[in-house]
Amino acid sequence: MSTKEQILNKIQILITNHFKTPEEAFAFFDEDGDRKLSKNEIKKLLKQAEISGFLRGIVSSKLIEGYDKDGDELIDWKEFKFAIDEISDSSK
């Protein structure tokens, strides 16, 4: 399993084990309630998913780079849902 797959798997485990729905996970990590996840909010999600501190900054940047479709450097619900669906599909 590649590092990317391991990280995505840890995120999926976090969301599955600690939240009833992906929407609940999104709302939990959206600390300022702006309906978007900032880089710092994503880092907190990664910390909860037990991604090492060294990797969190890199991974949060890569997640934004890979899933931020509108270019605002934030992850909105639609982008988050797309990422979660992709993670779920890759684990099957």
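Against the list (1) open to solvent by 50 Å² or more (accessible area, probe 1.4 Å); (2) of a type outside the set (Ser, Thr, Tyr); (3) touching a strand residue (DSSP E or B) at 6+ places or on another chain (Cβ under 7 Å), the condition PHE54 fails is (3). Picking from residues in segment 27-38 that are in contact (Cβ under 8 Å) with a residue 24 or more places away in the chain and in contact with an Asp or Glu (Cβ under 7 Å, 6 or more places away or on another chain), the one that is surrounded by the most Cβ atoms within 10 Å (Cβ to Cβ) is LEU37. Highlighted here are the helices (runs of 4 or more DSSP H) found entirely within segment 1-59 that include at least 2 residues which are modelled with pLDDT of 95 or more and among the polar types (S, T, N, Q): 39-48.
For segment 70-92, does any single residue satisfy the condition of being part of a loop (DSSP other than H, G, I, E, B), hydroxyl-bearing (Ser, Thr, Tyr) and open to solvent by 60 Å² or more (accessible area, probe 1.4 Å)? Checked against the condition, which is being part of a loop (DSSP other than H, G, I, E, B), hydroxyl-bearing (Ser, Thr, Tyr) and open to solvent by 60 Å² or more (accessible area, probe 1.4 Å), segment 70-92 yields at least one hit. For segment 57-69, filtering for residues that are open to solvent by 80 Å² or more (accessible area, probe 1.4 Å) and within 11 Å of the chain's Cα centre (by Cα) leaves 1.
The values are calculated or read from the model by the stated rules, or taken from the named source; none is laboratory data. Model, not experiment: these values are computed from the prediction. A quick note on method: Cβ atoms are made from the backbone with ideal geometry, for glycine too, and the neighbour counts reach across all protein chains shown. For the accessible areas, the whole protein counts, side chains as well, though only heavy atoms, and no ligand, DNA or RNA atoms are used. Shrake-Rupley method; radii C 1.70, N 1.55, O 1.52, S 1.80 Å.
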